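Quick notes on the structure that follows.
The values are calculated or read from the model by the stated rules, or taken from the named source; none is laboratory data. It should be emphasised that the depicted structure is a prediction, and the values quoted were computed from it without experimental measurement. All Cβ positions, glycine included, derive from the backbone under ideal geometry; neighbour counts span all protein chains shown.
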Amino acid sequence: MAKCLELLEVEMAGGHTVLLIKVSQVVKTGNMTIEITPNSASFGNSILQRVSRFDSALQVSKEGPKIRVVLPPITTARRDRTVEEVKNLISIFRQLVKQSRTKAVKVLQDAGLEDGVQRELVAVVDSTASAFLAEKAAELELLSEEVMSMGIDESDVTAGR
């Protein structure tokens with residue numbers, strides 16, 4: 001979860017967004033707690049709001065300059081939902097890369113390049129898009145596997161009784 005929070009985009013003054021790790025320190029302080037220390041006190045409220053909206057199951061509180069995040073127990077149902085969300089993200093990502101590739105090829109066709117040069121550039125676009133997609137899909141699938149390997153908690157045990 002700490003990794004997910006680090007990659008969270010926070011809207012700053014002026015409407016631009018930045019990664020949480022660019023404007024704060026994110027530290028896992030225990031099995032179920034994470035502390036976020038903004039680099040500047042002025043970032044605190046923006047970070048607090050964004051983390052609170054990120055996942056309603058998180059217990060988010062502000063303790064002085066630090067933001068404390070208490071993680072909910074990981075249940076089988078929650079793991080399954082997360083894995084499905086990751087699979088959905090991979091599918092959406094594949095579609096976005098496919099659309100980007102199509103647009104890039106269209107630009108190359110409209111550029112009026114010689115056929116040989118155009119074919120060569122399309123091959124470069126294809127190989128780059130494929131490599132990028134494979135790398136990012138593998139990262140997401142690894143995340144999904146990590147979620148599935150998280151241990152059981154009391155709610156899993158009591159549900160099985």
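Details
- Single residue of the stretch 78-119 satisfying the filter (of a type in the set (S, T, N, Q) and farther than 21 Å from LYS136 by Cα) that is surrounded by the fewest Cβ atoms within 10 Å (Cβ to Cβ): GLN109
- Candidates are the residues of the stretch 64-77 that are within 14 Å of ASN31 (Cβ to Cβ) and of a type in the set (A, V, I, L, M, F, W, C); the one that is surrounded by the fewest Cβ atoms within 10 Å (Cβ to Cβ) is VAL70.
- Residue tally, condition under 16 Å from LEU5 (Cβ atoms), in contact with a helix residue (DSSP H, G or I) (Cβ under 6 Å, 6 or more places away or on another chain) and not β-branched (Val, Ile, Thr), over the stretch 47-89: 1
- Residues located in the stretch 111-130, provided they are over 12 Å from VAL97 (Cα atoms) and aliphatic (A, V, I, L, M): ALA111, LEU113, VAL117, LEU121, VAL122, ALA123, VAL124
- Residue within the stretch 48-59 that is over 17 Å from VAL10 (Cα atoms) and surrounded by fewer than 12 Cβ atoms within 10 Å (Cβ to Cβ) present: yes
- Among (1) closer than 29 Å to ARG78 by Cα; (2) out of contact with any Phe, Trp or Tyr (no Cβ under 7 Å at 6 or more places or on another chain), the one test that LYS136 misses: (2)
- Residue within the stretch 3-18 that is within 30 Å of VAL124 (Cα to Cα) and outside any helix (DSSP H, G or I) present: yes
- If you filter the stretch 23-66 down to residues that are of a type in the set (D, E, K, R) and at pLDDT 90 or above, you find that the one that is nearest to the chain's Cα centre (by Cα) is GLU35.
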